[in-house]
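As structure tokens, the structure follows; a few thoughts come after it.
The values are calculated or read from the model by the stated rules, or taken from the named source; none is laboratory data. Being a predicted model, the structure only gives us computed values, none of them experimental. Cβ placement follows ideal geometry from the backbone for every residue including glycine, while neighbour counts extend to all protein chains displayed. To get the accessible areas, we keep the full protein, side chains included, count just its heavy atoms, and leave off ligands, DNA and RNA. Shrake-Rupley method; radii C 1.70, N 1.55, O 1.52, S 1.80 Å.
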Amino acid sequence: VQLQASGGGLVQAGGSLRLSCAASGSIFNIGAMGWYRQVPGKQRELVASITSYGSTFYDDSVKGRFTISRDNAKNTVYLQMNSLKPEDTAVYYCTARTSVTNSYWGQGTKVTVSS
């Protein structure tokens, strides 16, 4: 499975960005997909995830501001980020799980929110 993330960039606080992550390759086994983020010196943290049936999870820090969705026909997961804050600045990685023990990662897309 290959994951190609896009949509990062520079935005002012209060602005919006939409991240996309397209999966290709052996996609028939993909179950849950999600977005993590990482800042230098800190561990990668889960931002949001979505199962193949559409059940979602959000970290408390993004609830009410971010929305995760997926288009199974396009094998793509999205992260709509609204009301962005400087503390949302990070490299965002998409992930796709094909089994309990097997996950794939995208290359990361940088999001910078200026104050």
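Details
- Any hit, the stretch 77-95, residues being more than 17 Å from ARG37 (Cα to Cα) and in contact with a strand residue (DSSP E or B) (Cβ under 8 Å, 6 or more places away or on another chain): no
- Residue in the stretch 63-79 that is within 16 Å of SER6 (Cα to Cα) and in contact with a Cys (Cβ under 7 Å, 6 or more places away or on another chain) present: yes
- Of all residues in the stretch 92-112, those satisfying the criterion of being among the aliphatic types (A, V, I, L, M) and either within 15 Å of LEU3 (Cα to Cα) or loosely packed, with under 15 Cβ neighbours inside 10 Å (or both) are ALA96, VAL100.
- Where a residue in the stretch 104-115 is of a type in the set (D, E, K, R) and its partner, wherever it lies, is modelled with pLDDT of 95 or more, with Cβ under 7 Å and at least six apart: LYS110/GLY8; LYS110/VAL91
- Which numbered condition ASN29 misses (of (1) open to solvent by 50 Å² or more (accessible area, probe 1.4 Å); (2) within 14 Å of the chain's Cα centre (by Cα); (3) modelled with pLDDT under 95; (4) of a type outside the set (Lys, Arg)): (2)
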